[in-house]
Amino acid sequence: MKRSGAAAFQLTVGIGAFLLFLVQPMAARFLLPWFGGSPSVWSTCLLFFQTALLAGYVYAHVTKRLGLATQGKVHVALLLIAAATLPIVPSPAWKPVDASHPIGRILLLLTATVGLPYVLLAATAPMVQNWFARASTACDAGAGKTYPVYWLYALSNLGSLLGLFAYPVAIERLLSIRAQSLFWSAGFIVFCCACTWAAVQIMHLHADPRSSTDDHAEADGIRGPDMVMWILLSCTGTGLLLAITNELCQDVAVVPLLWIVPLGAYLVTFILCFSGAYRRWFWMWILLAALGAAAYLAHRDEPGFAWQVAALLALLFSGCMVCHGEMVAIRPSPRHLTAFYLAIAAGGGIGGVAVAIVAPLVLTRLWEYQFFALLPFTLLLVSAVRDQRSRLNRGHWRLAWLPLTAALAACGFFLLKSPATEDASEIARTRNFYGVLTVLEDPPGATALRTLKNGRILHGTQFVDPTRRSEPTSYYGEGSGVELAIDLHPRRVANEPLRIGVIGLGAGTIAALGDPGDTVRFYEINPAAVDFSRRYFTFLSDSRAKVEIVQGDARLSLERELRSPEGRRQYDVLAIDAFSGDAIPVHLLTREAFAMYRSVLRDDGVLAVHVSNRYLDLTPVVRGLAAEQGRRALTIEATDDDDRALDSSTWMLVTSNAKFIETATPYADAPVPAAKSIVWTDAFSSLLQVIKR
């Protein structure tokens, strides 16, 4: 084959893979503010991309039977149709009007926006590799030459890796969301041209369709057990990716960085394994060490951000190396290339469905992480049993089965064993798209508490004693930032009623701060939180103020309200307290969000932002956004008080109300000279700027 002909296939594979993974964080970033910034938004997006990948591989496998010339013509025609659907910008008409059926809405939206272009890009790797194998065999078999085909899959994943990291490093920083879409659409046009060039190379090929040789795989047929292992190993790799990404996002933040780094590690394992870098004995011990580290950190109260991320990424990388390495070890000859990739895509789709859809429906805890963490080592042992060349099946090496199995069992025990907790008993638990909610209650006593948790993070407490149950507790009691924002507001001092908005319901504790005549209006996206706050807590029903609840994403709800005159300048105090687990919904801490808050606050209003976080220092972000609007930001630190069930908290109060600033300043931390200020936008926010050192 001529070098120029080979270049057509290589260029098509590289550009297609680059665009395939560039669009993933881009599309998810479009959708994140519409669905409450939940970690499940990314999981659902990954589910869509895995399913679309499967559709692309099915298309490549089925159209293979049409013959090379016909397949090439059909593919070029579909590329032209896909180009006519550009640019890939989701219409505002897709914005949800309520919080119901988020998974279905996200899948439909992505299908309508990027469905056809993505499926055609997904088909590129198996289809073009098959073209390359057929072309190289037909043109050069007579000369005794063979061309390795599977290395193109490594090239494809390298292109994917470049596309994935190009987004946070350059594209997200330099381009607006609209410009990002136009950039990607232009890239798709270039891809169409390259793919047409490759198709022309193959359309006129009238050669014997025999496959090229492959020294490392069987040339005849596909064995059923091998097919099963391809699917299981691919499913496990994808499931592990989604489960670990969920773990990271639940406890830190839902931002592209924490999507891209795990996905990048996942892609690197494909590159290494398809380049022949996998060695079973080496990665067996690496994976076992990573499992041990993860099991150990699972029982630490404060594992630390760096250690937690390092352990999870090490587990992901070593687990995927094992899965993909064992998969490549039993790959078929290039004659069955499309069937092999179809099995990989099917396994990936199954793993995506298991984590994004099945797990939230059938599990009340995040058990999918433990399940997929243990599965790679289990499948490694299965692969060793099947491999007659394995040293574990020879001589005294058979004795190693006992310690290896015991080590796996020990890691499983400590991963699945819940960490020791307080004596509180669990009285309710539920899980949905937005997370895991748990209600706990202390043993009977004068200071017994009922507690609401999202994951491991406290979302509200209430005294069980009827005489004390109206006392505001946790992050909202006496001395907290939100309590000061309400009690020191000039209208409250003048005994005038307040209108208070709250983004994030929790147990409804802030309702206890309302006085007769006040209105407290909560915005809550999680229907389960609304149900639990009413069923297991009485802050809402006991409040002396009028209480209202608006279900749905707060930004979208406020946006709709601002379209009416009553929606503008309606609040005296607006509290932002919408954390899910310890993760922050970044779209509530951006320039655009703060502009909306200012529109719904009265001129003398106070914005109270809850910035308590174990891993991130969010004070520079609020400080920068306040300064940009010409307003002051006061930092209020509250400490623990066990007798009153108060927890330490950090709130920031943003206002231009001179009278309030004068009154509240004695309660605030002293300003830090030349303190860092950061401004996030809907188009860009960097987690690296706010990680606590």
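What follows is calculated from the coordinates using simple rules that are stated; it is not laboratory data. Because the structure is predicted, anything quoted here is derived from the model rather than measured. A quick note on method: Cβ atoms are made from the backbone with ideal geometry, for glycine too, and the neighbour counts reach across all protein chains shown.
Under 20 Å from a point 7 Å along the Cα-to-Cβ line of VAL89: which residues of the stretch 98-132 have their amide N that close?
Counting backbone N atoms under 20 Å from the label point, the list is 109-118.
When the Karplus curve 6.51 cos²θ - 1.76 cosθ + 1.60 is applied with θ = phi - 60°, which whole-Hz ³J(HN,Hα) does each residue of the stretch 22-30 get, with x for Gly and Pro?
Residue by residue, the stretch 22-30 yields 5, 6, 5, x, 5, 5, 5, 5, 4 Hz.
To make sure I understand, if each residue's beta carbon is the centre and we count other beta carbons within 10 Å, what order do ARG644, ARG563, ARG598 fall in, fewest to most? Intermediate values should be presented prior to the final figure.
On the way: ARG644 15, ARG563 8, ARG598 18.
Going from least to most buried by this count: ARG563, ARG644, ARG598.
So for the stretch 303-462, taking the charge dipole from beta-carbon charges (+1 Lys/Arg, -1 Asp/Glu), which of ALA406, ALA345, VAL439 sits furthest toward the positive end?
ALA345
Would you mind ranking TRP281, TRP680 so that the residue whose beta carbon has the fewest other beta carbons within 10 Å leads the list?
Working: TRP281 10, TRP680 25.
In order of increasing Cβ crowding within 10 Å: TRP281, TRP680.
If you plug each phi of the stretch 159-173 into the Karplus form 6.51 cos²θ - 1.76 cosθ + 1.60 with θ = phi - 60°, what whole-Hz ³J(HN,Hα) values come out, in order, with x for Gly and Pro?
x, 4, 5, 4, x, 5, 7, 5, 5, x, 6, 10, 5, 5, 6
Among SER648, SER318, rank each residue by its count of other Cβ atoms within 10 Å, from fewest to most, as a rough exposure measure.
Details: SER648 13, SER318 25.
Lowest count first: SER648, SER318.
So what's the net charge close to TRP230: Lys and Arg +1, Asp and Glu -1, counting the other residues with Cβ under 10 Å from its Cβ?
On the way: positive: ARG331; negative: ASP226, GLU326.
With Lys, Arg at +1 and Asp, Glu at -1, the neighbours total -1.
Kindly express, to the nearest 10 degrees and within the range 0 to 90, the angle between helix 256-274's C-alpha long axis and the longest C-alpha principal axis of the chain.
Tilt of helix 256-274: around 20 degrees.
Please tell me the relative contact order of the stretch 318-441 in percent, rounded to the nearest whole number, where contacts are Cα pairs under 8 Å and at least six residues apart.
Values: 74 pairs, mean separation 31.4, N = 124.
25 percent.
Going by a ≥ b ≥ c, the root eigenvalues of the Cα gyration tensor, does the stretch 434-484 fall in the rounded group (a/c under 1.5), the prolate group (a/b larger than b/c) or the oblate group?
It comes out oblate by the Cα gyration axes.
So how do 406-417, 454-465 stack up, highest first, on mean other-Cβ count within 10 Å?
Details: 406-417: 14.8, 454-465: 20.8.
Final packing ranking: 454-465, 406-417.
Work out the charge dipole of the stretch 366-483 with +1 on the Cβ of Lys and Arg and -1 on the Cβ of Asp and Glu about the Cα centre, then indicate which of ALA373, SER470, THR451 is farthest towards its positive end.
Going by the Cα projections, it comes out as ALA373.
Hey, what did the chain get for relative contact order, percent, Cα under 8 Å, at least 6 apart? Walk me through the numbers before you get to the answer.
Working: 1219 pairs, mean separation 95.8, N = 693.
That works out to 14 percent.
With just the Cα atoms defining each centre, how far is the stretch 616-675 from the stretch 462-496? Give it in Å.
17
Could you check the simple spin-label distance between VAL76 and CYS193, using points 7 Å along Cα→Cβ, in nm with one decimal?
Calculated label separation equals 1.5 nm.
Enter the angle in degrees (range 0 to 90, nearest 10) between the Cα long axis of helix 68-83 and the first principal axis of the Cα atoms of the chain, meaning the one along which they spread out most.
20
Could you work out how far helix 305-329 tilts from the main Cα principal axis of the chain, as a 0 to 90 degree angle to the nearest 10?
20
Under 5 Å between amide H atoms, partner at least 5 residues away or on a different chain: which partners does TYR571 have, H built in plane at 1.01 Å?
LEU601, ARG602
Evaluate E = 1/(1 + (r/R0)^6) for ARG468 and SER564, where r is the Cβ-Cβ distance and R0 equals 56 Å; express this FRET efficiency to the nearest 0.05.
Details: r = 40 Å, r/R0 = 0.72.
Approximately 0.90, to the nearest 0.05.
Can you bin the stretch 535-693 into rounded, prolate or oblate? Criterion: square roots of the alpha carbon gyration tensor eigenvalues sorted a ≥ b ≥ c, rounded for a/c under 1.5, prolate for a/b above b/c, oblate for the rest.
Rounded.
Of all the C-alpha pairs in the stretch 214-396, what % are more than 22 Å from each other? Provide the component values of the computation, followed by the final result.
Values: 7628 of 16653 pairs.
The proportion of pairs with Cα distances above 22 Å equals 46 percent.
With θ taken as phi - 60° and the coefficients 6.51, -1.76 and 1.60, list the Karplus ³J(HN,Hα) couplings across the stretch 291-296 in order, rounded to whole Hz; mark glycine and proline as x.
Values per residue, Gly and Pro as x: 4, x, 5, 5, 5, 5 Hz.
Would you work out the charge dipole size for the chain about its Cα centre, treating the Cβ of every Lys and Arg as +1 and the Cβ of every Asp and Glu as -1, and quote it to the nearest 20 debye? Don't jump to the answer; show the numbers that get you there.
Values: 58 positive and 54 negative charges, 545 e Å.
In total the dipole reaches around 2620 debye.
Calculate the spin-label point distance for ALA627 paired with ALA166, positioning each point 7 Å from the Cα along the beta-carbon direction, and give it in nanometres.
Once both label points are built, they end up 3.5 nm from each other.
Ratio of alpha-carbon Rg to the 2.2 N^0.38 Å globular estimate for the stretch 629-677, to two decimals, please. Mind showing how you got there, number by number?
On the way: Rg = 12.9 Å, N = 49, 2.2 N^0.38 = 9.7 Å.
It is 1.33.
Search the structure for amide H atoms under 5 Å from the amide H of GLY460, placed 1.01 Å from N in the peptide plane, and list their residues when 5 or more places away or on another chain.
When sequence neighbours closer than 5 places are left aside, the close amide H contacts are LEU452.
What nm distance separates the two modelled labels at ALA658 and ARG391, each placed 7 Å from Cα along Cα→Cβ?
8.1
Tell me which of LEU297, THR196, ALA683 sits at the most positive position along the dipole axis of the chain, charges placed on C-beta atoms (Lys, Arg +1; Asp, Glu -1).
The Cα lying farthest towards the positive end belongs to THR196.
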